[in-house]
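Participant: I'd like to ask some things about the structure below.
The values are calculated or read from the model by the stated rules, or taken from the named source; none is laboratory data. All of these numbers come straight from a predicted model, not from anything done at the bench. When we count neighbours, we look across all protein chains shown, and the Cβ atoms used for this are built from the backbone with ideal geometry, even at glycine. Keep in mind that these areas ignore ligands, DNA and RNA; they rest on the heavy atoms of the full protein, side chains included. Shrake-Rupley method; radii C 1.70, N 1.55, O 1.52, S 1.80 Å.
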Amino acid sequence: MATVSQATFLFLPVELRLHIATYAFDQPRDAGLTSPTAGWLDTEYDPSVYLSILLVCRQFHDDFAQLAFQKTRFIVKRDDFTGSIRNLRVEKLRALRKLAIRHRGLAIFEWHRYPFNNENLRLDELCIATDDRDCGRFTGLLRRLQHVKTIRILPGTAVAPAVYARLAGAMYKEDHYQRYDAPDAPDVGHVWFEPSFVEKDLSIGLVAKAPQPVVVEEEYMNAIKSKIEELVDIMAHQTI
């Protein structure tokens with residue numbers, strides 16, 4: 001039987017209930033994550049804690065299940081995730097918005113256009129914990145990966161600024177090559193992930209944007225000059 005407060009809440013218009021529930025399902029930015037020295041992914045994290053409100057009553061589950069899944073970060077703890085998602089119903093898969101994975105053991109460089117090669121998966125955020133100090137190998141993936149709004153790369157190292165500089169430098173180098181020097185140039189790719197370094201948690205942020213149109217090479221070089229100088233300065237103060 002519903003309590004008085006539950007009954008009152010359920011009498012509210014559905015739009016208002018969803019608006020209130022949005023705040024109830026919000027997670028801390030680092031939910032499920034830990035420190036670089038601990039490998040970033042919290043092995044004790046249980047997303048069901050954030051979904052428990054769905055057990056209040058059937059109406060709560062019917063109204064808020066999709067929203068709850070969208071706001072909750074899920075962590076892939078097995079290497080064979082591609083196989084396991086085949087067992088998820090499409091509506092559940094489409095509700096996932098925040099995933100965290102460990103790069104080691106996962107063939108992410110074999111993804112073609114979509115995360116885990118599944119076009120039903122549309123992510124607001126993909127966290128990638130990695131011990132790979134040569135993140136320049138991500139450049140090919142970042143030129144074609146769609147259906148991901150933001151990526152957080154979490155290096156398991158104290159020299160994360162240098163890892164960021166190498167990745168961003170490799171991205172700019174590849175972008176320049178594909179625009180001006182490649183046999184089939186210009187090729188701007190499917191997406192451009194704008195890189196940044198987040199000092200407070202030593203992570204690399206990548207925000208998906210539409211690729212910039214092709215301009216004359218001199219104009220392009222002038223546009224990225226300050227960014228390259230910043231990366232050179234970072235590398236001058238870091239060693240890997």
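Participant: Out of all the residues in the stretch 183-193, which are part of a strand (DSSP E or B) and touching a Leu at 6+ places or on another chain (Cβ under 7 Å)? If you could, list the steps in order and put the result at the bottom.
Facilitator: Residues of the stretch 183-193 that are part of a strand (DSSP E or B), as a first pass: 192-193.
The one that is part of a strand (DSSP E or B) and touching a Leu at 6+ places or on another chain (Cβ under 7 Å): Phe193.
Participant: Follow-up. Quick check: is even one residue across the stretch 153-162 in a helix (DSSP H, G or I), out of contact with any strand residue (DSSP E or B) (no Cβ under 8 Å at 6 or more places or on another chain), open to solvent by less than 40 Å² (accessible area, probe 1.4 Å) and hydroxyl-bearing (Ser, Thr, Tyr)? Don't jump to the end; show me each part of the working.
Facilitator: Taking the stretch 153-162 first, the residues in a helix (DSSP H, G or I) are 160-162.
Now narrow it down to the ones that are out of contact with any strand residue (DSSP E or B) (no Cβ under 8 Å at 6 or more places or on another chain): 162.
Checking the rest, the ones that are also open to solvent by less than 40 Å² (accessible area, probe 1.4 Å) come to 162.
Those left that are additionally hydroxyl-bearing (Ser, Thr, Tyr): none.
No, every residue in the stretch 153-162 fails to be in a helix (DSSP H, G or I), out of contact with any strand residue (DSSP E or B) (no Cβ under 8 Å at 6 or more places or on another chain), open to solvent by less than 40 Å² (accessible area, probe 1.4 Å) and hydroxyl-bearing (Ser, Thr, Tyr).
The rows are residues; the columns are (1) on the phi < 0 side of the Ramachandran plot; (2) touching a residue at least 24 places away in the same chain (Cβ under 8 Å); (3) among the basic types (Lys, Arg).
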residue: Phe109; (1), (2), (3): yes, yes, no
residue: Arg113; (1), (2), (3): yes, yes, yes
residue: Glu119; (1), (2), (3): yes, yes, no
residue: Arg137; (1), (2), (3): yes, yes, yes
residue: Tyr164; (1), (2), (3): yes, yes, no
residue: Tyr172; (1), (2), (3): yes, yes, no
residue: Val191; (1), (2), (3): yes, yes, no
residue: Glu199; (1), (2), (3): yes, no, no
residue: Ser203; (1), (2), (3): yes, yes, no
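Participant: Step by step: first the residues of the stretch 71-93, then only those that are polar (S, T, N, Q) and at pLDDT below 60, then the one that is nearest to Thr130 (Cα to Cα). Which residue is that?
Facilitator: Start the filter on the stretch 71-93 by keeping residues that are polar (S, T, N, Q), which leaves 72, 82, 84, 87.
Add one more test, that the residue is at pLDDT below 60, and what stays is 82, 84.
On the way: Thr82: 18, Ser84: 21 Å.
By that ranking, first place goes to Thr82.
Participant: When the stretch 10-44 is examined, which residues are found to be over 16 Å from Phe69 (Cβ atoms) and modelled with pLDDT of 85 or more?
Facilitator: Narrowing the stretch 10-44 to residues over 16 Å from Phe69 (Cβ atoms): 10-17, 19-20, 23, 28-30, 33-44.
Pro28, Arg29, Asp30, Leu33, Thr34, Trp40, Leu41, Asp42, Glu44 - these are the residues of the stretch 10-44 that are over 16 Å from Phe69 (Cβ atoms) and modelled with pLDDT of 85 or more.
Participant: Ok, one more. Would you point out the residue of the stretch 45-63, among those that are touching a Lys or Arg at 6+ places or on another chain (Cβ under 9 Å) and modelled with pLDDT of 85 or more, that is farthest from Lys92 (Cα to Cα)?
Facilitator: Here the residue is Tyr45.
Participant: To continue, here is another question. Select from the stretch 189-211 the residues that are aromatic (Phe, Trp, Tyr) and modelled with pLDDT of 95 or more and write down the one among them that is most open to solvent (accessible area, probe 1.4 Å). Don't jump to the end; show me each part of the working.
Facilitator: First, pick out the residues of the stretch 189-211 that are aromatic (Phe, Trp, Tyr): 192-193, 197.
The next check asks that each one be modelled with pLDDT of 95 or more; those that pass are 192-193.
Numbers: Trp192: 43, Phe193: 1 Å².
Here the answer is Trp192.
Participant: Taking Met221 and the conditions (1) under 28 Å from Arg29 (Cα atoms); (2) open to solvent by 70 Å² or more (accessible area, probe 1.4 Å), which numbered condition does it fall short on, given that it satisfies the others?
Facilitator: (1)
Participant: Another question about this same structure. Filter the stretch 118-130 down to residues that are over 8 Å from the mean Cα position of the chain (by Cα) and surrounded by 19 or more Cβ atoms within 10 Å (Cβ to Cβ) and give me whichever is modelled with the lowest pLDDT. Spell out how you get there, then give the answer.
Facilitator: Initially, the stretch 118-130 is screened for residues over 8 Å from the mean Cα position of the chain (by Cα), giving 118-122, 129-130.
From the residues that got through so far, the ones that are surrounded by 19 or more Cβ atoms within 10 Å (Cβ to Cβ) too are 121, 129-130.
On the way: Leu121: 91, Ala129: 90, Thr130: 86.
Selected residue: Thr130.
Participant: Let me ask something else about it. Among residues belonging to the stretch 52-75 that are surrounded by 19 or more Cβ atoms within 10 Å (Cβ to Cβ) and of a type in the set (Val, Ile, Thr), point out the one that is nearest to Ile20 (Cα to Cα). Working first, answer last.
Facilitator: Start the filter on the stretch 52-75 by keeping residues that are surrounded by 19 or more Cβ atoms within 10 Å (Cβ to Cβ), which leaves 54, 60, 64, 68-69, 71-73, 75.
From the residues that got through so far, the ones that are of a type in the set (Val, Ile, Thr) too are 72, 75.
Details: Thr72: 16, Ile75: 26 Å.
In this case the residue turns out to be Thr72.
Participant: Could you tell me which residue of the stretch 131-152 is nearest to the chain's Cα centre (by Cα), considering only residues that are surrounded by fewer than 19 Cβ atoms within 10 Å (Cβ to Cβ) and closer than 15 Å to Val207 by Cα? Break it down stepwise before answering.
Facilitator: From the stretch 131-152, those surrounded by fewer than 19 Cβ atoms within 10 Å (Cβ to Cβ) are 131-134, 136-137, 140-141, 144, 146-147, 149-150; that's our starting set.
Subsequent filtering for residues that are closer than 15 Å to Val207 by Cα retains 141, 144, 146-147, 149-150.
Values: Leu141: 13, Arg144: 14, Gln146: 11, His147: 10, Lys149: 7, Thr150: 4 Å.
Per the stated criteria, the residue is Thr150.
Participant: Restricted to the stretch 224-240, and to residues that are part of a loop (DSSP other than H, G, I, E, B) and over 21 Å from Leu142 (Cβ atoms), which residue is most open to solvent (accessible area, probe 1.4 Å)? Explain how you work it out, then say what you get.
Facilitator: From the stretch 224-240, those part of a loop (DSSP other than H, G, I, E, B) are 237-240; that's our starting set.
So of that shortlist, the ones also over 21 Å from Leu142 (Cβ atoms) come out as 237-239.
Working: His237: 138, Gln238: 50, Thr239: 111 Å².
Only one residue fits best here, namely His237.
Participant: Here is a list of conditions, (1) closer than 20 Å to Ala31 by Cβ; (2) surrounded by fewer than 17 Cβ atoms within 10 Å (Cβ to Cβ); (3) touching a His at 6+ places or on another chain (Cβ under 8 Å), and Pro115 meets all of them except one; can you say which number that is?
Facilitator: (2)
Participant: From Arg137, Arg143, Arg179, Arg166, which residue is closer than 18 Å to Val232 by Cβ, out of contact with any Ser or Thr (no Cβ under 6 Å at 6 or more places or on another chain) and not in a loop (DSSP other than H, G, I, E, B)?
Facilitator: Numbers: Arg137 fails: closer than 18 Å to Val232 by Cβ; Arg143 fails: closer than 18 Å to Val232 by Cβ; Arg179 fails: closer than 18 Å to Val232 by Cβ.
It is Arg166.
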